[in-house]
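Here the structure is laid out as structure tokens; the discussion comes afterwards.
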Amino acid sequence: MYTIIQFSIKTPGYNGKVGLEDMERKAYKELSREELQQLHTQLTKEYEEAKTKGLQLDMSRGKPSVTQLDMGMDIFDVLNAWSDMRSMEKIDVRNYGVLDGLTEAKHMMADIMGVSADNVIVCGNASLTIMYDTVSRSMTHGVMGGTPWCKLDRVKFLCPVPGYDRHFAITEHFGIEMINVPMTPQGPDMDMVEKLVSEDESIKGIWCVPKYSNPQGYSYSDETIRRFAALKPAAKDFRIFWDNAYAVHHLYEDRQDEILEILSECEKAGNPDIVYEFSSTSKISFSGAGVAAIAASKGNLEYIKKSMTIQTIGYDKINQLRHVRYFKDFEGIKEHMKKHAAIMRPKFEAVQQVLENELAGLQIGSWTKPNGGYFISFDAMEGCAKAIVAKCKEAGVTLTGAGATFPYGKDPLDSNIRIAPSFPTPEEMAMATDLFVLCVKLVSVEKLLAS
């Protein structure tokens, strides 16, 4: 069991220097040039000392830690050479067949997404693959009988920003034009979304991470989801790509974000076909060795199956059966996720405490405080993100590249940085966050001196 580690960074060399400690408590923009230069000298000295520590820490991606992976190793004990390899419907999972997944696996994934099992196809090991295939199919064969996107002059996607870099990589790979849509704590700017999709039939989709969004950890409000369900797009083949990656990834038992179920809301709004929902167990069981699924209307699913019959004879049913027998039911999944939360929570709280203790009131950065998910989003002063990430890397801490949370890797303000606390140990997080706040301070001072 991890305990919450509390940090208090005291910049070395400040003791005895009249006014420097007070200077640390003031907003940097209020400091005189002389004070900024004095502060810069001291921060530079500390940074040079930090570089001599030989750190090699990676906070670039939201990977589960070794402890989290070890926690689920007994899943491999569920099936062995003497196990009954038949599903609840007596299907031999070692053989061909069952294109859309075992019935019990459909129910497991439906419970995670909060949808009906009738609306689910269980696929392979990663939801990203399903998303890629869904865009690819739309490009080559269209959407439910529509014109293949590759035959159109222009195809566009709306991209809430900051957002998930791998989403943007998919649409960029297919040459789809991406349009930034600002995120708010309630979700994407829906006034902008509604206006754009209603006026431009070349807009064919929007990427969404509706719960504990990547990277901000925001969850869409009821109003936002109802407005999504009621969209009136100019394009008949417009689709919402609803990546519900963190559906059960809470950090706290007493404050958990809950969102409306999008498929039923679309049905109520008379738009049953407008959404594809994706989910997986990649951060529940194993990354790249879990179970992934797509949920959609029956019309969408039937169209998808036409391509699937050509693409595959069936996905890994042994893995599906293994997961179902291991978790047993949704209560089993929720209990397992409490173990994940016990490992993740101290790391998130440690980062939050350092940021609060060291940067609050300085007006050189702001950050989110999510109730779940895998990331904390940090916004530095405009024009500082790339320099902060570069300085961290030079001193041995690798962060997600500045700009990665925007299409084409271009953050217009050069301010957003994604912090991924999951992989390092709590002790490593202490060192990494110490260095991060030092780099934020140093780069901010340099920015103010340059201006």
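The values are calculated or read from the model by the stated rules, or taken from the named source; none is laboratory data. The model shown is predicted, which means the values in this text are computed figures rather than measured ones. Positions of Cβ are generated from backbone atoms using ideal geometry, with glycine treated the same way; all protein chains shown enter the neighbour counts. Side chains are part of the model used for accessible areas, which takes the heavy atoms of the whole protein and leaves out ligands, DNA and RNA. Shrake-Rupley method; radii C 1.70, N 1.55, O 1.52, S 1.80 Å.
Okay, here's what the table says:
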{"quantity": "Inter-residue pairs, beta-carbon under 9 Å, first assigned to a helix (DSSP H, G or I) and in the stretch 56-71, second of a type in the set (A, V, I, L, M, F, W, C) and open to solvent by 10 Å² or more (accessible area, probe 1.4 Å), 6+ apart", "calculated": "Val66/Phe423; Thr67/Ile343; Gln68/Ile343; Leu69/Phe286; Met71/Ile343"}
{"quantity": "Residue under evaluation Val193, criteria (1) in contact with a Leu (Cβ under 9 Å, 6 or more places away or on another chain); (2) farther than 17 Å from Gly114 by Cβ; (3) in contact (Cβ under 8 Å) with a residue 40 or more places away in the chain; (4) open to solvent by less than 10 Å² (accessible area, probe 1.4 Å), criterion not met", "calculated": "(3)"}
{"quantity": "Enumerated strands (runs of 3 or more DSSP E) restricted to the stretch 343-406, each holding at least 1 residues that are β-branched (Val, Ile, Thr) and touching a helix residue (DSSP H, G or I) at 6+ places or on another chain (Cβ under 7 Å)", "calculated": "376-380, 397-399"}
{"quantity": "Residue list for the stretch 343-366, filter: surrounded by fewer than 20 Cβ atoms within 10 Å (Cβ to Cβ) and closer than 15 Å to Met59 by Cβ", "calculated": "Gln352"}
{"quantity": "Hey, Asp118 more than 30 Å from Pro426 (Cβ to Cβ), part of a helix (DSSP H, G or I) and either charged (D, E, K, R) or within 34 Å of the chain's Cα centre (by Cα) (or both) or not", "calculated": "yes"}
{"quantity": "Some residue of the stretch 410-420 being assigned to a helix (DSSP H, G or I), open to solvent by 30 Å² or more (accessible area, probe 1.4 Å) and either of a type in the set (Asp, Glu) or modelled with pLDDT of 95 or more (or both)", "calculated": "no"}
{"quantity": "Residue count for the stretch 129-155, restricted to those that are open to solvent by 20 Å² or more (accessible area, probe 1.4 Å), of a type outside the set (Ser, Thr, Tyr) and touching a residue at least 40 places away in the same chain (Cβ under 8 Å)", "calculated": "9"}
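Yes/no per residue for (1) under 21 Å from the mean Cα position of the chain (by Cα); (2) closer than 17 Å to Tyr252 by Cβ:
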| residue | (1), (2) |
| --- | --- |
| His340 | yes, yes |
| Val354 | no, no |
| Asn357 | no, no |
| Trp367 | yes, no |
| Pro370 | yes, yes |
| Tyr374 | yes, yes |
| Glu382 | no, no |
| Lys386 | yes, no |
| Ala390 | no, no |
